[in-house]
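The values are calculated or read from the model by the stated rules, or taken from the named source; none is laboratory data. Predicted model only: the values in this text are computed from it and were never measured. Neighbour counts are summed over all protein chains in view; Cβ atoms, including those assigned to glycine, are modelled from backbone coordinates with ideal geometry.
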There are 2 protein chains.
Amino acid sequence: MTRSQDFHSKVFKKDTLTLPKGQSESVVRGGRDLFSLLPKAFEGVRQIGVIGWGSQGPAQAQNLRESLEGTSIRVKIGLQQNSRSLDAARAAGFREENGTLGDMFEVIRESDLVLLLISDAAQSQLYPQIFEAMKSGATLGLSHGYLLGHLRNEGKSFPKHLNVIMVAPKGMGPSVRKLYVQGKTVNGAGINASFAVHQDVNGKATDYALGWSVALGSPYTFQTTLENEFKSDIFGERGILLGAVHGLIEGLYRRYVAQGASREEAFTRSAEAITGPISEIVSKRGILAVYEGLPASDKGVFEQAYKATYPAAREILAEIYDEVSSGNEIRSVNLAGARLARYPMGRIDGTETWKVGERVRKERAGKSVHVDPFTAGVYIAAMMAQIDELDEHGHPYSEIANESVIECTDSLNPYMHARGVAYMVDNCSTTARLGARKWAPRFDYLIDQVAYVALDEKQALNDALITEFKTHVIHAVLAEVGKMRPSVDIAVT
Amino acid sequence: MTRSQDFHSKVFKKDTLTLPKGQSESVVRGGRDLFSLLPKAFEGVRQIGVIGWGSQGPAQAQNLRESLEGTSIRVKIGLQQNSRSLDAARAAGFREENGTLGDMFEVIRESDLVLLLISDAAQSQLYPQIFEAMKSGATLGLSHGYLLGHLRNEGKSFPKHLNVIMVAPKGMGPSVRKLYVQGKTVNGAGINASFAVHQDVNGKATDYALGWSVALGSPYTFQTTLENEFKSDIFGERGILLGAVHGLIEGLYRRYVAQGASREEAFTRSAEAITGPISEIVSKRGILAVYEGLPASDKGVFEQAYKATYPAAREILAEIYDEVSSGNEIRSVNLAGARLARYPMGRIDGTETWKVGERVRKERAGKSVHVDPFTAGVYIAAMMAQIDELDEHGHPYSEIANESVIECTDSLNPYMHARGVAYMVDNCSTTARLGARKWAPRFDYLIDQVAYVALDEKQALNDALITEFKTHVIHAVLAEVGKMRPSVDIAVT
């Protein structure tokens, strides 16, 4: 079902990804050598207003400002007058005095390109006033298709007189900033992004989007639609990126402890193995390399864990996809937004697993972590189930690879490895944080009730799942996409 | 916000519940002595079609048939021609030969009163054909307000030419049947029910509903609306009735094991205490009696557990209420219905907790179970949080008491005590089963992350919660409603 993608740029050179099943995708490789093209890409844009200072705001605003240094394009932050983020924006060098910090609606009114990086819930609430405030013919820039999902739930659409574009970095804000800074010495370091053109009133929307993505430091930019993006993004963070990895670790940890492992050993075999060596192997050599690198005696353990986990993970992922696709998950996030003042989100890292994790991380130095074959089988099964669910719904291969593999192994898991699950979860958007809290326990329970019980009761498992895993097209996709992987890993300390 | 309730019956005598805050509710007490009034209550009804044979179908059809014995009113089952339940209906004595079993749509077309007891998901799918098939002026009987919720999501409503009534027993089908059978020797044994009249085209709808409820064997019948019923019912089963009790037990069990208890001891202190003595005390002497019956040294443990748990439980319950009230939960159930063929619901009782439970139940005979004060504090806090959430949304007191207290202590928990959690969960409707699977893990995680961490880290807790608990109006409500409690407990073996 996956479809080929193509687009036309007047400014940037396209590359072509050659993909399985005769498909291809046009992409744009990034790099600092392209910053000189930005004034041409942003033709007609004198001011970029960056609205909001949450996860993406600080990263994108600073990256844009630095990439556009020496041009006449101004990057100006817009915040509500009572915003608690004003000081943080000032500390990052955005100031009222020099016209780079101002009132949110004033900045929206003035700007030719408005990057709307406020929370999804705030977008849902404020969009009528925001649309109203924008100049006719201006460009609305989103980093997420969420607002389209919300407008659909409401039976509304974007004003016809605006360009509507999206650049969605496939990593949390701090990674987008961190790798951009690393990229000053190593050209091409960064977080991949998808882009979409939803409305193009002046014929320049594609290059505005590509220019924005290049200026953020994306190593490569692939095409999608707002619809595919909001579905895959909200789905992915509830799945393997956050919800699944959290829930799987809790369940694996408990299982190892129940089997007699020490708490430290249980955490090392579960969380440490996933966020450390398994992620590293997948990132550098692909998913299959995890399995192939196991000693022969461990391969059977991996296979049993994989065969038992895949069906349970797929069941939850099918539910998540339905919930996102139907608009339910977006309605839930909006409802949660209204409850947050009364019931603020609590911490998730005070429980035993993560307290033990804190100790394990402190004493880690110099120790090498083993790829536990059971953990690997469980984790990779959930990852493959996510890939298959997205494939069944016709998402582009680049989107599948980035949402299911690259974003976790190159951006989120390394942070989790260095700083723990709470840091990782809580540096994502509110939508992602809510989703992780909602779905992690579901993965934990279902895999415990179905997958581990199947193993313990020695139920017959489906061997075809292993054949499908070994011959899956995703391996060729990752090899092709991997050619554009920057030579530098994220520095998380 | 809770409002007084009243209605007019031409057949049945009303009683008045005198409730706190100057409120009152009219109710109808049941009993076998009232069966002679049924022909008058059902005036104009020659055939009652019972559509479906799931949880409520077998119970209601058999109770109705026996209560109407000797009258000219026929009870006829309608099932789809390929239904897997045909044999079960025949085994219960409903036969094609004598005109008490037939094709679903044929029975719908013939009947004056159509009791629609097919699954919620099936109602959502089939309602257009069902409405179409019904005789003009006939009565549609629901045992759940779900269909109203679904019609609202779709922007639709019931056909104007039909009576639309509801009788919603506050217990699962097997309990409705079991207590009716017990009621043959002990007058008044049964499951309470709420009723609602949504449309009344011939002025007889109220007595049809009350007659139906009396014929089911309800000890007392209170009034609500379809809207309040679907909200409180879907909410309640996701809360203390199924989801919360399951999730709380898993968390308590794990906590006791981690603290060094044996597995059997951990199960006894958590599940056995809740479904045994705590439920029994609440059922016979009210919620406060659980606390007051504790030795002085245990009261402090209860209070700490209560203060830590209440806020976390309330947060989840507020989320559940929002999800139900917004229509999201109904949409989720419909989406799940479409997935069930591909991903059938798995068992929930294969995990460690419930395996241990099986052993504990087997070896229980003669042992008396202690009211663990920590378990009691956690469980009662969740129960009170549910009561407060319903009260905040203006539900009638009878509904609050039945959905949050009586249904669990008198119907569900005793079954769970005798046969385990899976029996209890899986004998409820598909909507309830899906909800229990969805929300149990959420209670478990949030209480673990927030409540138990608060206790372990000795965080300051809110003492006012204990004062509010002790002076809560629910205690007076339960005392008043308790006057109508049948003298017989459910026999679960």
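A few comments on the model shown:
- Comparison of B:D448, B:D410, B:D426, B:D456 shows that the only residue that is surrounded by fewer than 21 Cβ atoms within 10 Å (Cβ to Cβ) and touching a helix residue (DSSP H, G or I) at 6+ places or on another chain (Cβ under 8 Å) is B:D426.
- Unique match (being touching a His at 6+ places or on another chain (Cβ under 8 Å) and part of a helix (DSSP H, G or I)) among A:G251, A:G300, A:G211, A:G276: A:G276
- Members of segment B:293-312 found to be under 21 Å from A:M345 (Cα atoms) and either among the charged types (D, E, K, R) or out of contact with any helix residue (DSSP H, G or I) (no Cβ under 9 Å at 6 or more places or on another chain) (or both), listed by number: B:K307
- Residue tally, condition crowded, with 22+ Cβ neighbours inside 10 Å and at positive phi, over segment A:99-116: 0
- Members of segment A:372-399 found to be outside any loop (DSSP other than H, G, I, E, B) and either of a type outside the set (A, V, I, L, M, F, W, C) or free of Cβ contacts under 8 Å to residues at least 40 places away in the same chain (or both), listed by number: A:P373, A:T375, A:G377, A:Y379, A:Q386, A:D388, A:E389, A:D391, A:E392, A:Y397, A:S398, A:E399
- Residue among B:D489, B:D463 that is charged (D, E, K, R), surrounded by 12 or more Cβ atoms within 10 Å (Cβ to Cβ) and at negative phi: B:D489
- Breaking point among (1) more than 15 Å from the chain's Cα centre (by Cα); (2) within 14 Å of another protein chain (Cβ to nearest Cβ), for B:G435: (1)
- Of the numbered criteria (1) buried (at least 24 other Cβ atoms within 10 Å of the Cβ); (2) hydrophobic (A, V, I, L, M, F, W, C); (3) free of Cβ contacts under 8 Å to residues at least 60 places away in the same chain, the one A:V181 fails is (1).
- Scope segment A:441-453; condition more than 7 Å from every other protein chain (Cβ to nearest Cβ) and in contact with an Asp or Glu (Cβ under 7 Å, 6 or more places away or on another chain); matching residues: A:L446
- Selection of segment A:63-75 for residues being surrounded by fewer than 21 Cβ atoms within 10 Å (Cβ to Cβ) and in contact (Cβ under 8 Å) with a residue 60 or more places away in the chain yields A:E66, A:L68.
- Residue-level analysis places A:Y423 outside the set of residues that are hydroxyl-bearing (S, T, Y), within 14 Å of chain B (Cβ to nearest Cβ), part of a helix (DSSP H, G or I) and over 30 Å from A:T16 (Cβ atoms).
- Residue check for B:A418: more than 14 Å from every other protein chain (Cβ to nearest Cβ), out of contact with any helix residue (DSSP H, G or I) (no Cβ under 9 Å at 6 or more places or on another chain) and of a type in the set (A, V, I, L, M): no
- Contact annotation: residue pairs with Cβ atoms under 7 Å, 6 or more positions apart or on different chains, pairing a residue in segment A:464-492 that is closer than 23 Å to A:E392 by Cα with a partner that is assigned to a loop (DSSP other than H, G, I, E, B) and modelled with pLDDT under 95, are A:V473/A:P20; A:V473/A:K21; A:A476/A:P20; A:V477/A:P20.
- Residue selected from segment A:383-394 under the condition modelled with pLDDT of 95 or more and farther than 17 Å from A:T471 by Cα, by the criterion surrounded by the most Cβ atoms within 10 Å (Cβ to Cβ): A:L390
- Residue ID - farthest from the chain's Cα centre (by Cα), chosen from residues in segment B:61-87 that are among the hydrophobic types (A, V, I, L, M, F, W, C) and closer than 20 Å to B:V167 by Cα: B:I73
- Considering B:V356, B:V324, B:V369, B:V360, the condition of being in a loop (DSSP other than H, G, I, E, B) and among the hydrophobic types (A, V, I, L, M, F, W, C) is satisfied by B:V369 alone.
- For segment B:1-18, a residue qualifies if it is modelled with pLDDT of 90 or more and not in a loop (DSSP other than H, G, I, E, B), and the qualifying residues are B:D15, B:T16, B:L17, B:T18.
- The numbered conditions (1) within 14 Å of chain A (Cβ to nearest Cβ); (2) modelled with pLDDT under 95 are all true for B:Q459 except (2).
- Segment B:345-363 - residue that is among the basic types (K, R) and out of contact with any His (no Cβ under 9 Å at 6 or more places or on another chain) and, of those, nearest to the other protein chains (Cβ to nearest Cβ): B:R347
- Of all the listed residues (B:G155, B:G149), the sole one being among the small types (G, A, S), out of contact with any Asp or Glu (no Cβ under 7 Å at 6 or more places or on another chain) and either under 30 Å from B:V492 (Cα atoms) or buried (at least 16 other Cβ atoms within 10 Å of the Cβ) (or both) is B:G149.
- Boolean, A:G435 is of a type outside the set (D, E) and farther than 27 Å from A:Q259 by Cβ: yes
- Filtering A:R238, A:R269, A:R255 for residues that are surrounded by fewer than 24 Cβ atoms within 10 Å (Cβ to Cβ) and within 14 Å of chain B (Cβ to nearest Cβ) leaves a single hit, A:R255.
- In segment B:298-317, the residues that are buried (at least 20 other Cβ atoms within 10 Å of the Cβ) and either in contact with a Lys or Arg (Cβ under 6 Å, 6 or more places away or on another chain) or aliphatic (A, V, I, L, M) (or both): B:A305, B:A308, B:A312, B:A313, B:I316, B:L317
- Sole residue being within 30 Å of B:V333 (Cβ to Cβ), facing chain B (nearest Cβ under 8 Å), touching a helix residue (DSSP H, G or I) at 6+ places or on another chain (Cβ under 7 Å) and not basic (K, R), chosen from A:E315, A:E329: A:E315
- Among the residues here, B:D322 qualifies as at the interface with chain A (Cβ under 9 Å from one of its Cβ atoms), free of Cβ contacts under 8 Å to residues at least 40 places away in the same chain and either buried (at least 20 other Cβ atoms within 10 Å of the Cβ) or not basic (K, R) (or both).
- Within segment B:78-94, the residues that satisfy the criterion of being modelled with pLDDT under 95 and more than 14 Å from B:L117 (Cβ to Cβ) are B:Q81, B:N82, B:R84.
- Taking the numbered list (1) modelled with pLDDT of 95 or more; (2) under 21 Å from A:S55 (Cα atoms); (3) within 14 Å of chain B (Cβ to nearest Cβ) in turn, A:S404 passes all entries but (3).
- Check on B:R342, within 8 Å of chain A (Cβ to nearest Cβ) and either within 21 Å of the chain's Cα centre (by Cα) or more than 25 Å from A:A338 (Cα to Cα) (or both): yes
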